[in-house]
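Visitor: Below is the structure I would like to discuss, written out as structure tokens.
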Amino acid sequence: MNTAKEIELSVQQVLETMRASSYLCDSYGNKIEQVTAIGESLLKIEFANNQRTLIEHVSQFRCFIAK
């Protein structure tokens with residue numbers, strides 16, 4: 001299992017290199033703006049459109065590329 005920091009860095013790299021027509025989203029299609037590590041195993045997930053911030057365990061984190 002990856003640590004929260006490894007996931008944070010991976011997501012940041014993807015967000016920085018994606019084309020403007022694509023974005024990362026959760027399994028419900030909500031656009032992910034930023035992912036931040038909290039300790040070793042928790043992630044703070046911030047969404048677009050002023051959606052509520054989510055705290056999630058790394059084992060539960062899933063994201064997808066949407067177009």
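Visitor: Write down Rg/Rh for the chain, rounded to two decimals, with Rg from the C-alpha atoms and Rh from the Kirkwood relation over Cα pairs. Present the calculation step by step, with values, prior to reporting the outcome.
Guide: Details: Rg = 11.2 Å, Rh = 11.9 Å.
Radius of gyration relative to Kirkwood radius: 0.94.
Visitor: May I pose another question? With r defined as the distance between the Cβ atoms of residue 5 and residue 48 and R0 fixed at 25 Å, what FRET efficiency is calculated, to the nearest 0.05? Don't jump to the answer; show the numbers that get you there.
Guide: Values: r = 23 Å, r/R0 = 0.92.
With R0 = 25 Å, the Cβ-Cβ based efficiency is 0.60.
Visitor: Let me ask something additional. With a 1.4 Å probe and all protein chains left in place, how much accessible area per residue does the chain have, in Å²?
Guide: Counting only protein heavy atoms, the per-residue value for the chain is 70 Å².
Visitor: Between the helical axis of 4-17 and the dominant principal axis of the chain, each derived from Cα atoms, what acute angle in degrees is found, rounded to the nearest 10?
Guide: 20
Visitor: Expressed in nm to one decimal, what extension gain is obtained for the pair residue 38 and residue 60 from 0.36 nm per residue of sequence separation less their Cα-Cα distance? Please report the intermediate quantities before stating the final value.
Guide: Numbers: separation 22, 0.36 × 22 = 7.92 nm, distance 1.43 nm.
The span from residue 38 to residue 60 would gain 6.5 nm if fully extended.
Visitor: Would you calculate, for the chain, the mean residue ellipticity at 222 nm contributed by helices, counting each DSSP H stretch of 4 or more residues as -39,500 (n - 2.57) and dividing by all residues, to the nearest 500?
Guide: Estimated from H runs of four or more residues: -6500 deg cm²/dmol.
Visitor: Write out the GluC sites (Glu not before Pro) in the range 2-67 meeting two conditions: DSSP loop, and at most 13 other Cβ atoms within 10 Å of their Cβ.
Guide: Within the range 2-67, the qualifying GluC sites (Glu not before Pro) (loop, at most 13 other Cβ atoms within 10 Å) are 40.
Visitor: Okay, moving on. What is the sum of charges around residue 58, taking Lys and Arg as +1, Asp and Glu as -1, for the other residues whose C-beta is under 15 Å from the C-beta of residue 58? Could the numbers behind the result be given before it?
Guide: Details: positive: 5, 44, 62; negative: 6, 8, 26, 40, 56.
Surrounding charge for residue 58 is -2.
The values are calculated or read from the model by the stated rules, or taken from the named source; none is laboratory data. Because the structure is a prediction, the values reported are computed rather than measured. Counting neighbours? That spans all protein chains shown, and the Cβs are built from the backbone with ideal geometry, glycine included. In case anyone asks, the SASA skips ligands and DNA or RNA and just uses the protein heavy atoms, side chains included. Shrake-Rupley method; radii C 1.70, N 1.55, O 1.52, S 1.80 Å.
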